[in-house]
Each structure stands twice: as C-alpha cells, then as structure tokens.
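S.K.: Once you've had a glance at the structure underneath, I'll fire off some questions.
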Amino acid sequence: MACRLADSIFHFTVPQERAVSSRRFALRNTPGQYHLTWGSLIQRGCGFHPSLFHKKKIRSLQAVVLPVQPPLIDEVERRKQLCESYGFTQIGEPLPETVTLKDVLDTLPKKVFEIDDVKAWKSVLISVTSYALGIFMISNAPWYLLPLAWAWTGTAVTGFFVIGHDCAHKSFSRNKLLEDIVGTLAFLPLVYPYEPWRFKHDKHHARTNMLEGDTAWHPVWREEVDSSPALRKAIILGYGPLRPWMSIAHWLMWHFDLKKFRPHEVKQVKISLACVFAFIAIGWPLIVYKTGIMGWIKFWLMPWLGYHFWMSTFTMVHHTAPHIPFKYRDEWNAAQSQLGGTVHCKYPRWIEILCHDINVHIPHHISPRIPSYNLRSAHQSLQENWGKYLNEAFWNWRLMKTIMTTCHVYNKEKNYVAFDDIAPEESLPIAFLRKVMPDYA
C-alpha cells in the first residue's frame, strides 16, 4: 500500500481485505480510501520517525489501517425507504439549524399575503352553495344514498370552518370587525365557539410540535398510559379506532372552560359561548320541530360528524408521522417545526375545493396571514426555494394506518412508541386496525 505526502495530507489507497487495526490515526473514510491530516498526528502525540520517510524526494511510507465499513445505506435511500413504509411521497432532509423562520418567510413573494375581497367572498359562496346542495341531497336521497349525501355535506360544512379559520388569522378581510362577525357566523353551524378556538389556535401556531406547548395534537405521555387501566383503555380507543373523531374531545376539553383562558380573554370567550348556546337553544329545537329527532340526526348530527372526521384527519396528517419529532422548549426550533414538522398532503380535488385548500398547510405555518386562496402559490414558492426539506404525501390508506397504529406514546429517541409495545394485552383495538386497514399507498 502506497502513501503520498502532499500539502500536509496523507492519501491512502487501501486494499480492504488486507487491512488491520491501527488506533493512532484519525481517519475520514470512503471505501478503500482514507485521509490523515498533520493536525490529527499532532493531537494524537505522533512524532516524526526517520524510518517514516523514504530517502528519495518522492517520500513514501508503509502503513496498515483498518477500513471503517461504510453505512449500509445512504441517507437518500433511507428516506426513500421511509417514504415507502409510511405512505409519503417525500420525506424532507433535516433543515439546518442556522436557518430561521424569517429566512424562510423572506423567500415568499409579497403577493401571497394580499387580501382579495372577491376571492374571499367567492369562498363563502362556494361553501354556502355546496352546503345547500348537501341539504337538498339529504332531503331527497333514498336511505342507501344518505352516506354519500352526509359525506358531501360534512365536507362542505368543513369549508365554513376554513372561512372562520381565515377570519381568526386576520387573512379574510381588511375590516377586522367584519372578520369577527363572519368567523362567528361560520362557526355556528358547527357549534364551535369562535373566540375560544382562536385563542387556543394561536398557541398552536406559536408552539407547533412543542411538548407541553402545542394545543393541537400531542403525543400521549407514558404517565397517562400507566396511570389507570380505565384511562389507558380510553386513550387506546381514542388514539386508535376513534382517532378520526378525536377532535370532538378536543372541542369539549379546550373551548368551554373559562379557567383555560387569560383574564383579558374571558369577555370575548363569553360572547362566543353565548352565540353558540343561542344557536343550540334556537336552531336545534327548530330542526326537531320541522323534521323530528331523526331529522336532527340526518340534517345536523351526521354532517357534523363528517366535519369532525375532516377536522381530525387534517390536523393529525399535518403534524403527525413517525419521523416528525415533538420537542421540549429548550430544544425546539421554530423553522424546523413549521417547515419540516408540517406535512403537505394532497387529497381528491373536490375535497380540496370544498375545504379551500386547508391541506396546503406548510405555507400556512410559515405565516398564518396568507389567505387560503393564496396557499397554492405560496407552496409553489416554498418548493422552489426549500423543496428538499418538505414532507409531502398523497392521502392514502398506508399513511392513515401508520399514524393510527404507530404514532401513540412520546419517546425521546424514537419519537413515538406504539401502544401494543407498552400494553399488548390491552391493545386489541390497535391489533384490529393493523389487521383490517388496507396497506395501500
């Protein structure tokens, strides 16, 4: 084996099969080739020995080193395998720690922040028209077509939520009073209090994927699983088969308790709660009076459950995957969480239209001030400037199966541990999902 000395760097060309161990050299390796700097010799205390050099001007030495085995698979290939395993189309590279959220924000064109009143009210027209069509279908569909009518109407009423969502982020209108009125009215058919949701949702954006800070989806704590058998069974059901409707529990727990809000927020919270209770007190009896209890189930409850399916699905798909970590405040990085910790997921186009592109979610987390009708152009800009860092997927069975059967209990090293790794005897709902859910991507 020959070694040439040039510019204070040794370059070794090694036949791997004959290598033996040497612990005195610090090496940077590729298969069969090694580099050794003078600095590493000095740091290791290696002196110069006369026999090290040949007497000729072209100096050479004989050395034997042990080649370090290269990784079994490179990082690009590993991410491709994770994509296949999790149901993603792309798993982004880790964002460098030196990149800030402002760096990302500065690359977005200014036009994506512009409010367009015509486009804003066009979204209202789409939601009102599609919801009215849904009510018409429920009224006239035979019983065996009702599930299709409910699916359409539940998706349409999700558009109401997205309109209120834009209002809460001050991206619907330049008139802020009008935004609060439209937001409150848009949330009423969902029995969702607008101001309480707005206050909590702002924290979700400020602390996305932060442990003990994010007010949206959050990994289960091990202490909760171990606390009591009854709670453990409820959590396993909630984060397993019932996960597409877990937003109902979130709705109840976070938005009706005045103790969860700061003193200066309570007045606005009370106004929103009064509006919701007024809708319940007037709207529900009116529906029952006109159509009976079954009419209330057909025209309100079933579309409402359809809305919560999308509310839960969008939220968990946006921020939940085995490779996306939740971190404590001292480790948390805004740019990494908002750009690399948010997922862009494509759905059938009719769903994206009725839900006003809420699935185009990464730019919304870079800046919540981007109106929903500008999210696509903002995402295109992010793809051009930061594309290799983005997580992207098509909505598919494997993606949902991965989330519902794997992403359960917080673990610092693995991000998540599945319930059946902790409590296998009580995780029959998870085993059931693994068995019955298709693995199609």
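The values are calculated or read from the model by the stated rules, or taken from the named source; none is laboratory data. All of these numbers come straight from a predicted model, not from anything done at the bench. Here the Cβ positions follow ideal geometry from the backbone for every residue, glycine too, while neighbour counts run over all protein chains shown. Ligands, DNA and RNA are excluded from the accessible area calculation, which covers all protein heavy atoms including side chains. Shrake-Rupley method; radii C 1.70, N 1.55, O 1.52, S 1.80 Å.
S.K.: For the range 261-280, give me the residue count where each residue is touching a residue at least 12 places away in the same chain (Cβ under 8 Å) and assigned to a helix (DSSP H, G or I).
M.R.: Qualifying residue count for the region: 11.
S.K.: Residues to consider are Lys203, Lys122, Lys170; find the one that is at pLDDT below 95, of a type outside the set (Gly, Ala, Ser) and either in a helix (DSSP H, G or I) or over 20 Å from the mean Cα position of the chain (by Cα) (or both).
M.R.: Lys203
S.K.: Does Pro94 satisfy the criteria of being part of a helix (DSSP H, G or I) and either under 18 Å from Met302 (Cα atoms) or open to solvent by 60 Å² or more (accessible area, probe 1.4 Å) (or both)?
M.R.: no
S.K.: I've got another one for you. Across the range 214-234, what is the total count of residues that are open to solvent by 30 Å² or more (accessible area, probe 1.4 Å) and either acidic (Asp, Glu) or in a helix (DSSP H, G or I) (or both)?
M.R.: 11
S.K.: Let me spell it out: the conditions are (1) assigned to a helix (DSSP H, G or I); (2) open to solvent by 30 Å² or more (accessible area, probe 1.4 Å); (3) closer than 30 Å to Leu146 by Cβ, and Gly283 meets all of them except one. Which number is the exception?
M.R.: (2)
S.K.: Let me ask something else. Could you check the range 335-386 and list, in sequence order, the residues that are surrounded by 21 or more Cβ atoms within 10 Å (Cβ to Cβ), polar (S, T, N, Q), farther than 16 Å from Asp103 by Cα and out of contact with any strand residue (DSSP E or B) (no Cβ under 8 Å at 6 or more places or on another chain)?
M.R.: Scanning the range 335-386 gives Ser372, Asn374.
S.K.: Among Thr313, Thr291, which is in a helix (DSSP H, G or I) and either at positive phi or within 25 Å of the chain's Cα centre (by Cα) (or both)?
M.R.: Thr313
S.K.: Given the structure, is Gly87 touching a residue at least 40 places away in the same chain (Cβ under 8 Å) and touching a Lys or Arg at 6+ places or on another chain (Cβ under 7 Å)?
M.R.: yes
S.K.: Only one residue in Ile135, Ile115 is of a type outside the set (Lys, Arg) and either touching a His at 6+ places or on another chain (Cβ under 8 Å) or within 21 Å of Ile366 (Cβ to Cβ) (or both), so which one is that?
M.R.: Ile115 is the lone residue from the list that is of a type outside the set (Lys, Arg) and either touching a His at 6+ places or on another chain (Cβ under 8 Å) or within 21 Å of Ile366 (Cβ to Cβ) (or both).
S.K.: Inspect all residues belonging to the range 294-303 and state whether any of them is in a helix (DSSP H, G or I) and under 22 Å from His205 (Cβ atoms).
M.R.: Looking through the range 294-303, none of the residues is in a helix (DSSP H, G or I) and under 22 Å from His205 (Cβ atoms).
S.K.: Then there is this: How do the pairs read when you match residues in the range 131-144 that are within 15 Å of Met302 (Cα to Cα) with residues anywhere that are β-branched (Val, Ile, Thr) and assigned to a helix (DSSP H, G or I), using Cβ under 7 Å and keeping only pairs 6 or more apart or on different chains?
M.R.: From the range 131-144, the pairs are Tyr131/Thr153; Tyr131/Val157; Gly134/Thr153; Ile135/Thr153; Ile138/Thr153.
S.K.: Something else now. For the range 396-410, name all the residues that are out of contact with any helix residue (DSSP H, G or I) (no Cβ under 8 Å at 6 or more places or on another chain) and farther than 16 Å from Trp217 by Cβ.
M.R.: Of everything in the range 396-410, those that are out of contact with any helix residue (DSSP H, G or I) (no Cβ under 8 Å at 6 or more places or on another chain) and farther than 16 Å from Trp217 by Cβ turn out to be Asn396, Trp397.
S.K.: Another question, then. Tell me the residue from Leu237, Leu185, Leu148 that is within 26 Å of the chain's Cα centre (by Cα), modelled with pLDDT of 95 or more and either at negative phi or crowded, with 22+ Cβ neighbours inside 10 Å (or both), please.
M.R.: None of the others qualify; the one that does is Leu237.
S.K.: Out of (1) crowded, with 22+ Cβ neighbours inside 10 Å; (2) not in a helix (DSSP H, G or I), the odd one out for His165 is which?
M.R.: Here His165 clears every test but (2).
S.K.: Looking only at the range 406-427, filter to residues that are more than 19 Å from the chain's Cα centre (by Cα) and exposed (fewer than 14 other Cβ atoms within 10 Å of the Cβ); which one of those is farthest from Asn209 (Cα to Cα)?
M.R.: The extreme case among them is Glu425.
S.K.: In addition: Cβ-Cβ distance below 9 Å, separation of 6 or more or different chains: which pairs start in the range 396-425 with a residue that is under 15 Å from Gly238 (Cα atoms) and end on one that is of a type in the set (S, T, N, Q) and open to solvent by 40 Å² or more (accessible area, probe 1.4 Å)?
M.R.: Ala418/Thr406
S.K.: Can you pull out the residues in the range 156-200 that are of a type in the set (S, T, N, Q) and farther than 22 Å from Gly283 by Cα?
M.R.: If the condition is that a residue be of a type in the set (S, T, N, Q) and farther than 22 Å from Gly283 by Cα, then Ser171, Ser173, Asn175 are the ones that fit.
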